[in-house]
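Laboratory data are not the source of any read-out in this text; all were calculated from the coordinates shown. These numbers were taken from a predicted model, which means no experiment stands behind them. Cβ placement follows ideal geometry from the backbone for every residue including glycine, while neighbour counts extend to all protein chains displayed.
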Amino acid sequence: MIPVALVILLTAFLTVTQLRNELRIRQALGIPSPQLQEFGYRLQRSEASRRTLEQEVAVLRERVAVMRWRSVEGQEDVLALNAEVERLRAQAGLTSVEGPGVVVEMRDSPRALLPGEDPNNVLVHYTDLQAVVNELWAAGAEAVAINGERFTVGSSIQCVGATILVNRRRVTPPLRIEAIGQPETLDSYLRRSDGQIAYLRAFDFPVSMTRSARLLVPPYRGPIPVASVRIGQ
């Protein structure tokens with residue numbers, strides 16, 4: 001019987017203590033017991049909400065980190081694409097380029113005409129200019145300009161009467177051809193005994209050639225017709 005009595009006594013003591021503590025809290029805060037229970041419930045919910053928000057913040061931070069990484073990766077792709085565009089523009093002659101090369105100057109012949117001779121015999125013609133440019137391409141020239149006009153795949157050299165047109169712009173002697181490439185290779189190719197320059201010199205046309213460590217060739221400024229061109233699939 002003694003152990004049972006002790007249990008009853010201990011239970012009663014704990015109950016009284018709990019009631020007294022609750023009474024003290026209610027008296028100190030002036031809050032009824034049901035409201036105190038409600039506050040406890042709200043506190044639990046707030047704690048749960050806080051944990052949920054912390055989890056959401058962690059997820060958002062991870063997303064931000066991924067977006068930053070993708071942004072950096074995207075910027076690298078854009079930079080690479082821009083570099084490729086500039087490379088293609090340079091190859092198409094749409095940007096100014098510089099480098100070593102050779103300069104060729106051609107002038108009309110200063111010799112006097114013979115009686116009844118055709119005046120065209122002492123003039124540099126567009127065919128002479130075209131022949132020298134073709135030889136430069138064959139020798140490995142990477143960029144060519146004629147009197148400041150960039151010569152590209154879409155360029156043309158024409159003749160209207162005694163007037164030479166490059167990219168539909170008038171050019172007059174002295175005709176200055178600037179070509180970027182290996183100076184030694186370009187120079188030696190142009191000096192061939194069966195080349196166009198040897199032919200012009202044989203008929204008293206002044207032609208000079210010089211090597212240059214640095215030439216600046218301007219971009220192509222003419223029209224680019226694309227009436228029939230389509231991007232392939």
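Counting only residues 5 or more places away or on other chains, whose amide H sits under 5 Å from the amide H of A143 once H atoms are built in the peptide plane?
I180
Find out how many positive minus negative residues lie around R169, taking Lys and Arg as positive, Asp and Glu as negative, among other residues whose Cβ is under 13 Å from that of R169.
Spelling it out: positives minus negatives among the neighbours equals +3.
When a footprinting reagent is the concern and you count Cβ atoms within 10 Å, what order do R107, R170 take, fewest first?
Ranked by crowding around the Cβ, least crowded first: R170, R107.
Please list 95-104, 140-149 highest first by mean number of surrounding beta-carbon atoms within 10 Å per residue.
Packing proxy ranking, top to bottom: 140-149, 95-104.
Sort L123, L81 so the one with the fewest other Cβ atoms within 10 Å of its own Cβ comes first.
L81, L123
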